[in-house]
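The values are calculated or read from the model by the stated rules, or taken from the named source; none is laboratory data. Remember, it's a predicted structure, so these values are computed and weren't measured experimentally. Please note: Cβ atoms are built from the backbone with ideal geometry, for glycine as well, and neighbour counts cover all protein chains shown. These area figures cover heavy atoms from the full protein model, side chains too; ligands, DNA and RNA do not enter into them. Shrake-Rupley method; radii C 1.70, N 1.55, O 1.52, S 1.80 Å.
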Amino acid sequence: MSRRIAQRRSELGLTRDEVAEHAGMDPGYVRYLEEHPARLSRESLYRLSQALRTSPDHLLGADTDTPPGAASTAVAEPQLRTLSADECRELIGPGGVGRVAFAEAAGAAPTVLPVNYGLSDDAVVFRTASHGIIARNASGPMSFQVDRLDDTMSEGWSVLVAGRARIVEDAAELAALREHHSLRPWAGGDREAWVRIEAEQITGRRVGGRTSG
């Protein structure tokens, strides 16, 4: 829970003092919660989750098996806004986990797989197994999608990068990628092939609104 509290605070750009003020807690106690295992009363957990604009279940890690957005929307009239390419780049710039999509054969249904990625200029880069399914199809059209949903606030965004993929083989380019992107795939294993998706189109949308009441 300590890691989830610290991560959520960082995502919102809040200081410990600000979280403490919103939650009615001492700033030193918020620091303690971020650095040590602790047991919170139900009331304290609720106030902290409200200050962090999330749910008690999320702070407890009890929602990891629930698909994002499974809860009903808390927004009576959600607003949909198209994002500019620059806004999309800013959102996906920190890197993280997204999904690549490609067709193994003409007319085949797309295959969609998660990857840990980084952003290099306008290109999405990631590591994969040298003889895996992604590497075998990394020489043509490929799309990349990443999103972020906040179930509690019924807000979120989605960015889609469409372009062409290629295996990075140039030694200098590989060295530069390894130097600037410390990508560690969650799946583990031997994933030494670097793939680069050169963006031809970057689009995105943001959904949000005001909760009623």
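What is the sum of charges around LEU160, taking Lys and Arg as +1, Asp and Glu as -1, for the other residues whose C-beta is under 12 Å from the C-beta of LEU160?
0
Please check: in the Gaussian network model of the chain (C-alpha springs, under 10 Å), which one of ALA165, ALA193, ALA176 has the largest mean-square fluctuation.
Result for the chain, Cα springs under 10 Å: ALA176 fluctuates most.
So for the pair GLN50, THR15, with labels modelled 7 Å out along Cα→Cβ, what separation do we get in nm?
2.3 nm
Calculate the FRET efficiency for SER84 and SER2 from the Cβ-Cβ distance with a Förster distance of 41 Å, rounded to the nearest 0.05.
Efficiency computed from Cβ-Cβ geometry: 0.65.
Taking R0 as 22 Å, what FRET efficiency do you get between GLU35 and LEU183 from their Cβ-Cβ distance, rounded to the nearest 0.05?
FRET efficiency, GLU35 to LEU183: 0.20.
Report the net charge of residues surrounding ILE133, where surrounding means a beta-carbon distance below 15 angstrom and charges are Lys +1, Arg +1, Asp -1, Glu -1.
+2
Looking only at trypsin sites (Lys or Arg not before Pro) in DSSP loops with at most 13 other Cβ atoms within 10 Å, what is the longest site-free stretch of the chain?
That would be 40-209.
Could you state the accessible area per residue of the chain in Å², with a 1.4 Å probe and every protein chain left in place?
Per residue, the chain has an accessible area of 61 Å².
For Rg/Rh (Cα atoms, Kirkwood Rh), the choices are [x] 1.24; [y] 0.95; [z] 1.03; which was calculated from the structure?
Calculated Rg/Rh (Cα atoms, Kirkwood Rh): the matching label is [z].
Can you give me the solvent accessible area of SER139 with a 1.4 Å probe, rounded to the nearest 10 Å²?
100 Å²
Given a Förster distance of 25 angstrom, what is the FRET efficiency for LEU113 paired with LEU149, based on the Cβ-Cβ distance and rounded to 0.05?
According to the calculation, E is roughly 0.80.
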